[in-house]
Amino acid sequence: MTSDLNFFFEVLFGGLLSGIMYSLVALGFVLIYKASGVFNFAQGSMVLFAALTFVGILEMGVPFWPALLLCLLVMMLLAVGIERIVLRPLVNQPPIALFMATIGLSYLLEGLGQGIWGTQVRALDLGIEDLPNEMIQEALGIQVSTFDLFSAGCAAVLVGGLALFFNKTRVGLALRAVADDHQAALAVGIPLQHVWAIVWAAAGLVALVAGLLWGSRLGVQFSLSLVALKALPVLILGGFTSVAGAIVGGLIIGASEKLAEVYISTFTGGAVAAIENWFPYMLALLFLLVRPQGLFGEKIIERV
Amino acid sequence: MLYRESGQFKTSYRADQAIFPIRQDRIALMVLLAVVFILVPFVADEYWLGSILTPLLVLSLAAIGLNILTGYAGQLSLGTAGFMAVGAFAAYNLNLRVPELPLIVDFLLAGVFAALVGMVFGLPSLRIKGFYLAVATLAAQFFIEWVFTHVGWFTNYSSSGVISAPPMVIMGVTVDSAVEKYLLTLVMVAVLALAAKNMVRSRIGRSWMAVRDKDVSAEVIGIPLLATKLSAFGISSFYCGVAGALWTYCYLGTVEPAAFDLSRSFQVLFMIIIGGVGSILGSFLGAGFIVLLPILLNNIAAMIGHGTLQADTMANLEHIIFGGLIIFFLIVEPHGLARLWQIAKEKLRLWPFPY
């Protein structure tokens, strides 16, 4: 029985940790939605674009840390560009128009990234092995990947940093004000355009981290942009407006997805297999029926 | 000068509520129908009919379906291709398992099956709104794709998961040439488009629009939300289902579930954005734009590059231009090509003496 139980915990931990990887992508969505009410479909493409740019810069012979900085700079420029060219002319349009603009943006970024850096699959080595961690294996007897632990650590640092930034800085205060009410924020003199550029830059940073982690696991290639599709159920489960929701949603989706994949296909003798494409969506849908705004989303108040 | 309705007096409510109240519109429509029904089959060659016009018509039908749901009833859906797949596989299985049914009935029943599936996935729309709903419709997309890939019964246990449309026989006539397939598609699309145009002008269409504009207000003035939203999902999916069946039978011939993946849903979504959200005419204009643009780009590249551009560079360029155009359109004309057409008509009424 202990081996069964161990196996269960292994699957559970594996799922939780891969869930954190989903959360990283979902985090970018939440940042932008909170500050500007835009549902940014291009987040997945930003992940791809960031990873491609990073690998491309590395291949030009730039060492790791300067390359990271350069890449961050590129993402910031991109954020400013998006604000200027896409968002500013679309102020006051219905949210659906902005959403569709971000779909267009995602096409643009995919084409641009692959056009500049090429379409072939690149390997990205962060120097961390994707092998079971020996210390944990000895202490608890279960196998947990070192790489997963590392990415969980990254996510923790990122979320901590963002929380500090949001709560303790002047810019963070402005961001929260804009998130709360655009017009009131404008009325007290907060420059909306700057705030949006900053938020998109922050989302770019998150995309870069997610791109590096996912890229070193899957290889840097087009399918990275599809990671966003994994993050969407996380997003609706946790609520569009909550950073904590993105993390908790990621954990729930990751764990239940792996458990369902392993146990349901075992129980049905493999007849119901490869369900991980739609299972998270169904799970999120069921959650939504009970709580239409997600777990931690703001309560939807309807005014007529 | 030509396009002016002065002198056309309407003496009855019937005339006032006619589908095309202006005589010039009626004439233009007749001319258009005559061209597409009579002239095009004679003039166009096999390639144009089979590879461009037929898919264009089928995708217009899907775009009308999505436009009913998103443009008129305001429920954003990303599951269009899933509902198309239901129609395609339903038509195939009906033909296979109930061979007595005429083909047209198969197509319509395929639409009905798609409508039922659409209504099931539309149920959450009562509680979930906006982008939450859009993501929830992705559940339909992925689930349907998975079912058709993994449940062998639907593909008649074909080892490759591909279904092949059997030869089409309608009232003793075998439909197998590109012209015949084009005409069959055209008839279906014309009839269904007319039905859609009438639906959105009638009571049901107006209740969709009321729900789109504000569902709480609509409920307050006595519009039943459940029936309205579900009817929008059902009728929209019916159109998508028939489009899926036509896609299989008249265009591709053989179809696998991957032909109805998420990118197809997005393609249809782009059509209604560019064509015009909430416009039947826009569905056609958008479909035309999205289908013809890549072909045009390819030809231009071939003329300029003379084969120096590689295939993947070409694909990337296409992505960039495509994405750029969508953003450009949203900024310049958020109401799409249909709106441009409307503006042109307004201008035309005053031409050549605008003052």
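Just so you know, all these numbers are worked out from the coordinates, no wet-lab data involved. Worth saying up front: this structure is predicted, and the values here are computed from it rather than measured. Every residue, glycine among them, receives a Cβ derived from its backbone with ideal geometry; neighbour counts consider all protein chains shown.
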Once the other residues with Cβ under 12 Å from the Cβ of B:Lys10 are scored (Lys, Arg +1; Asp, Glu -1), what is the net sum?
0
Gaussian network model of chain A, Cα within-10 Å springs - most flexible of A:Ile236, A:Ile116, A:Ile57
A:Ile116
Pairwise label distance in nanometres, B:Lys345 with B:Leu194, each label 7 Å out on the Cα-Cβ vector:
1.9
Under 14 Å from A:Lys299, Cα to Cα: aspartates and glutamates that are on another chain or at least 8 residues apart
A:Asp180
What FRET efficiency would be calculated for the residue pair B:Ser217, A:Thr146, taking the C-beta separation as r and a Förster radius of 60 Å, to the nearest 0.05?
0.60
At a 10 Å Cβ-Cβ cut-off, how would you order A:Lys230, A:Lys258, B:Lys197, fewest neighbours first?
B:Lys197, A:Lys258, A:Lys230
For a quick size check, give me the Cα extents of segment B:20-259 along its three principal axes, largest first, whole Å.
54, 53, 29
Exposure proxy ranking, count of Cβ atoms within 10 Å, fewest first, for B:Tyr239, A:Tyr263, B:Tyr249
A:Tyr263, B:Tyr249, B:Tyr239
Between the modelled labels at B:Ser12 and B:Val332 (7 Å from Cα along Cα→Cβ) the distance in nm is 4.5
Measuring from label point to label point, each 7 Å out along Cα→Cβ, what is the A:Ile116 to A:Trp65 span in nm?
2.4
Mind checking B:123-131 for the average number of partner chain beta-carbons within 10 Å of each residue's beta-carbon?
5
Straight-line reach from A:Lys168: which lysines fall under 24 Å, measuring Cα to Cα and dropping same-chain residues less than 8 apart?
A:Lys34
Going highest first, how would you order B:90-101, B:125-136, A:158-169, A:200-211 by mean Cβ packing within 10 Å?
A:200-211, B:125-136, B:90-101, A:158-169
Between B:Leu123 and B:Met303, the FRET efficiency computed from the C-beta separation at R0 = 35 Å comes out, to the nearest 0.05, as 0.10
For B:Lys129, list the aspartates and glutamates whose Cα falls under 18 Å from its own Cα; do not include residues on the same chain fewer than 8 positions away.
A:Glu298, A:Glu302, B:Asp213, B:Asp215, B:Glu219
A correct fewest-to-most ranking of A:His182, B:His319 by other Cβ atoms within 10 Å would be A:His182, B:His319
Chain B, Gaussian network, Cα under 10 Å: of B:Arg339, B:Arg206, B:Arg26, the residue fluctuating most is B:Arg26
For the protein assembly as shown, what does -39500 (n - 2.57) per DSSP helix run (n ≥ 4), summed and divided by total residues, give at 222 nm, in deg cm²/dmol to the nearest 500?
-23000 deg cm²/dmol
Quick check: Cα centre of segment A:42-121 to Cα centre of segment B:317-355, how many Å?
28
Could you calculate the contour length gain from B:Glu46 to B:Leu2, that is, 0.36 nm times the residue separation minus the distance between their Cα atoms, to one decimal place in nm?
12.2 nm
